[in-house]
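Step one of this worksheet: look at the structure below.
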Amino acid sequence: MTTVHGDFELTMDELRVVARYAAESASEVLPVFEEAVPGDLRPRAALDAAWEFVGGARRTRLQRVTSLDAHRAAGEAGTEAARLAARSAGDAASAAYLHPIARATQVGHILRAAASAARVAELNAHGDPEAGREMIERARRRATPELIAVLSRYPPAPTAGKNRVARLMSALDASLRASG
């Protein structure tokens with residue numbers, strides 16, 4: 001089994017656990033982007049690349065390129081919900097390249113897709129924060145012990161997030177660490 005070294009080690013199996021978690025979240029909200037921007041296949045390609053890696057394919061340039069393309073699509077989307085949905089797909093593809101360095105910024109590669117999906121749920125519920133809390137709870141329940149073990153190697157996400165997605169990510173991070 002290939003292992004990635006840094007401040008600690010991550011195996012390819014562990015990276016696949018992280019990518020699966022992000023891809024599951026992105027899958028929930030990708031239709032929001034596809035409805036808002038029909039014909040732009042970049043986020044779908046990123047999500048497909050993530051699922052290929054999760055399914056056992058080697059991580060390759062495909063995940064990096066499609067991730068960047070999905071993030072470009074996010075920048076061109078006309079609504080916050082569509083932007084977040086495209087970014088989630090990009091985050092899922094880039095999860096294959098999570099770095100084993102003990103920095104809180106890396107937590108975003110693990111949890112930002114789920115936090116973005118929670119924000120999309122809020123936006124679709126006319127800003128109701130309860131919809132976001134429900135999505136965070138679903139993401140918490142979906143987290144496997146392996147995912148929590150990987151997350152626990154990193155410092156906690158910052159608690160004073162600048163935006164709603166950052167605050168949702170911090171809440172999910174705290175919840176997962178408390179349950180692990």
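The values are calculated or read from the model by the stated rules, or taken from the named source; none is laboratory data. These figures come from a predicted structure and were not determined experimentally. Every residue, glycine as well, gets a Cβ built from its backbone with ideal geometry; the counts of neighbours run over all protein chains shown. Note: accessible area is taken over every heavy atom of the protein model, side chains too, but ligands, DNA and RNA are not part of it. Shrake-Rupley method; radii C 1.70, N 1.55, O 1.52, S 1.80 Å.
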How much of the accessible area of the stretch 1-152, in percent, comes from carbon and sulfur atoms when a 1.4 Å probe is used?
50 percent
Which of the helices in the chain meet the span-like rule: DSSP H, Cα axial reach of 24 Å or more, Kyte-Doolittle mean at least 1.6?
none
The summed charge of the GLU24 Cβ neighbourhood (under 10 Å; Lys/Arg +1, Asp/Glu -1) stands at +2
Separation between the SER175 and THR60 pseudo-spin-labels, each 7 Å from Cα along Cα→Cβ, expressed in nm?
3.7 nm
Taking only the Cα positions of the chain, the convex hull volume per residue in Å³ is 100 Å³
Compute, for the stretch 1-142, the length of the dipole vector about the Cα centre, with Cβ point charges of +1 (Lys, Arg) and -1 (Asp, Glu) only. Units Debye, rounded to 20.
380 debye
So, counting K/R as plus one and D/E as minus one, what does the shell of residues with Cβ under 13 Å around ALA121 add up to?
-3
Grab the Cα-Cα distance for ARG138 and LEU41, subtract it from 0.36 nm times how many residues apart they are, and report the gain in nm with one decimal.
32.2 nm
Name the residues whose placed amide hydrogens come within less than 5 Å of the amide hydrogen of THR11, ignoring near sequence neighbours (fewer than 5 apart) on the same chain.
VAL4
Near GLU52, within a Cβ-to-Cβ distance under 11 Å, what is the net charge of the other residues, with Lys and Arg +1 and Asp and Glu -1?
+2
